[in-house]
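Accompanying notes for the structure given below.
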Amino acid sequence: MQKIWLTFLLTVMVSAVFAQQENSSKSPFREACPVATITNPLLEEISGLAFSRIHPNLIYMHTDSGGEAAVYMLDSLGNELGKLELEGMENRDWEDIAVGPGPDGKSYVFVGEIGDNAAVHREIGVFRFPEPEKIQSGKVSVELARLVYPKGPRDAETLMVDPMDGTLYIVSKRDSKNTIYSIDQSAFENPGKSELESHFNLPFTMSTAGDISADGSQILIKNYESIFYWKREVGESLLDALTKDPILLPYTPEPQGEAIGFSSRGNSFYTISEKRFSIEPILYTYPANN
């Protein structure tokens, strides 16, 4: 099985390199630059990353199923700065993280308990907590939005928060064309379950991560092979922006890339993979092509 997977991975990597060479000259972003190799064994399963809105160059990261119920803090050079433990929570299958507006105009961190490989969980959840004023380790209390899909369980690994209005967006993973769902933050005030609203299918499958730039003008969604990019016009809704054909960005193939996020200024984005085949995770940055 491992040989079959390695053959598939090599095929994907070769195809992606040719596509990258063809598209890099007209892409809004340049090719990847490696920033740091992450060697801490606690960070071998990074499944989400997002940049702070109040601390320049601070990245929040988390691991997926079975990892600590914690959000790790690193700088944009890959240096570890501490971790935030989510009080009373477990990491069943955290799959993505986002930063965006919450109550009272404050900046919040949102963690998506949205993974469900076998589509068996009757509900999923999103945690939120205010961004800390200081960069230091500690425990944080969180609020939970309990969510259900309109037509039964789904697996998802993509969580985004619109900086324009705070709406939460989740993108499914395993259907042949991934579906985008949304819900507003009133779900955090509901002690029961809130139903996500289903919108439309995107023209690809196996979405593993996504992000929206801090000014709301750029959108990223990735899968294992590609990174898709949309430019959002002033006054345009996020859903309207996503109905347009995406631009395919350069992508350095990763063993299992499940995290992506814009830098604080939106003039670059970062990716990182989970550790696979004894390959240590590498934090990559993709600078803007201007």
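Readers should treat all values here as calculations from the given coordinates under stated rules, not as data from a laboratory. Remember, it's a predicted structure, so these values are computed and weren't measured experimentally. Heads up, the Cβs are rebuilt from the backbone with ideal geometry, glycines too, and the neighbour counts pull from every protein chain shown.
In the range 269-285, the residues that are over 17 Å from residue 40 (Cβ atoms) form Cβ pairs under 8 Å with partners that are among the aromatic types (Phe, Trp, Tyr) and not in a strand (DSSP E or B), at six or more places apart or across chains, as follows: 271/251. Taking the range 222-290 and the strands (runs of 3 or more DSSP E) fully enclosed by it, the elements with 2 or more residues that are within 14 Å of the chain's Cα centre (by Cα) are at 227-231, 257-262, 268-273. Of the residues making up the range 158-183, those that are farther than 21 Å from residue 49 by Cβ and of a type in the set (A, V, I, L, M) are 164, 183. When the range 119-148 is filtered for residues that are β-branched (Val, Ile, Thr) and either in a loop (DSSP other than H, G, I, E, B) or loosely packed, with under 12 Cβ neighbours inside 10 Å (or both), the ones remaining, listed by number, are 120, 135, 142. Can you name the residue in the range 232-258 that is free of Cβ contacts under 8 Å to residues at least 24 places away in the same chain and either among the aliphatic types (A, V, I, L, M) or in contact with a strand residue (DSSP E or B) (Cβ under 7 Å, 6 or more places away or on another chain) (or both) and is also nearest to residue 212 (Cα to Cα) among such residues? Step by step, filter the range 232-258, then rank; the result is 232.
Contact map, the range 194-211: first residue over 11 Å from residue 176 (Cα atoms), second residue surrounded by fewer than 21 Cβ atoms within 10 Å (Cβ to Cβ) and of a type in the set (Lys, Arg), Cβ cut-off under 8 Å, separation 6 or more or different chains; pairs are 194/146; 198/151.
Residues are listed down the side, and each one gets a yes or a no for (1) touching a Gly at 6+ places or on another chain (Cβ under 6 Å); (2) among the charged types (D, E, K, R):
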{"residue": "79", "(1), (2)": "no, no"}
{"residue": "83", "(1), (2)": "no, yes"}
{"residue": "88", "(1), (2)": "no, no"}
{"residue": "104", "(1), (2)": "no, yes"}
{"residue": "108", "(1), (2)": "yes, no"}
{"residue": "114", "(1), (2)": "no, no"}
{"residue": "121", "(1), (2)": "no, no"}
{"residue": "129", "(1), (2)": "no, no"}
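Among the residues of the range 23-70, those identified as aromatic (Phe, Trp, Tyr) and under 23 Å from residue 250 (Cα atoms) are 29, 51. Under the condition of being outside any loop (DSSP other than H, G, I, E, B) and under 17 Å from residue 146 (Cβ atoms), the residues counted in the range 76-95 number 1.
Filtering the range 62-77 to residues that are surrounded by fewer than 20 Cβ atoms within 10 Å (Cβ to Cβ) and either within 14 Å of the chain's Cα centre (by Cα) or not aliphatic (A, V, I, L, M) (or both) leaves 65, 66, 67, 68, 75, 76.
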